[in-house]
Amino acid sequence: MTEPILCRLGAAHLASLIELEQAGQPHPWSPAQLAAVLTDPQASAWGALEVKQQSLLGFAVLYRLPFDAELQAITVAPWVRRQGIARALLIRLCEEAEAWGSERLLLEVRASNAAAIALYRQLAFEVDGRRRGYYPASAERAGHAGTREDALLMSRRL
């Protein structure tokens with residue numbers, strides 16, 4: 001695969017954004033939530049596009065807070081995971097948060113998402129805390145009635 005290009009997402013990308021979110025997340029954001037991100041002045045949505053076909057391979061959403069920035073969503077198409085797309089998007093979001101003057105970049109992640117946690121640690125994110133029972137049960141734990149999953153709170157100084 002050739003290196004994808006990173007670009008800011010706009011209304012023209014909405015259909016691709018919805019399709020990728022549905023394919024890549026067990027609990028996807030709604031089309032209305034995704035559309036709102038593209039028009040919110042406090043949000044910045046970036047995508048990784050395949051060069052030749054301009055298909056959306058991944059995206060990430062950053063929100064500007066008074067002193068910090070927060071990663072609200074990151075999704076990479078299942079068929080191109082572990083090829084550096086999430087890393088490239090996260091680096092771009094760190095650059096944007098720094099340009100905003102943010103002090104830290106915050107995120108939360110499922111405690112069972114070892115691949116994402118490893119990536120965040122490689123990019124200097126540290127665990128700040130845990131929200132017990134924050135997420136609905138993942139597909140692997142769906143058969144356990146009432147089971148919820150913890151979220152790890154992580155941050156990186158900018």
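The values are calculated or read from the model by the stated rules, or taken from the named source; none is laboratory data. Because the structure is a prediction, the values reported are computed rather than measured. Counting neighbours? That spans all protein chains shown, and the Cβs are built from the backbone with ideal geometry, glycine included.
Across the stretch 62-83, what is the number of residues that are surrounded by fewer than 16 Cβ atoms within 10 Å (Cβ to Cβ) and within 17 Å of residue 20 (Cα to Cα)? The qualifying residues number 4.
Are there strands (runs of 3 or more DSSP E) fully within the stretch 30-143 with at least 3 residues that are under 16 Å from residue 6 (Cβ atoms)? List them. Outline the logic, then answer.
Working: elements: 43-49, 56-64, 69-76, 104-110, 126-136.
Those strands (runs of 3 or more DSSP E) span 43-49, 56-64, 69-76.
Just checking, does the stretch 115-128 include any residue being closer than 20 Å to residue 24 by Cα and over 15 Å from the mean Cα position of the chain (by Cα)? There is no residue in the stretch 115-128 that is closer than 20 Å to residue 24 by Cα and over 15 Å from the mean Cα position of the chain (by Cα).
Do the conditions hold for residue 33, that is, is it modelled with pLDDT of 95 or more and surrounded by fewer than 17 Cβ atoms within 10 Å (Cβ to Cβ)? In short, yes. Would you call residue 21 touching a Phe, Trp or Tyr at 6+ places or on another chain (Cβ under 6 Å), outside any loop (DSSP other than H, G, I, E, B) and in contact (Cβ under 8 Å) with a residue 24 or more places away in the chain? Yes: the conditions hold for residue 21.
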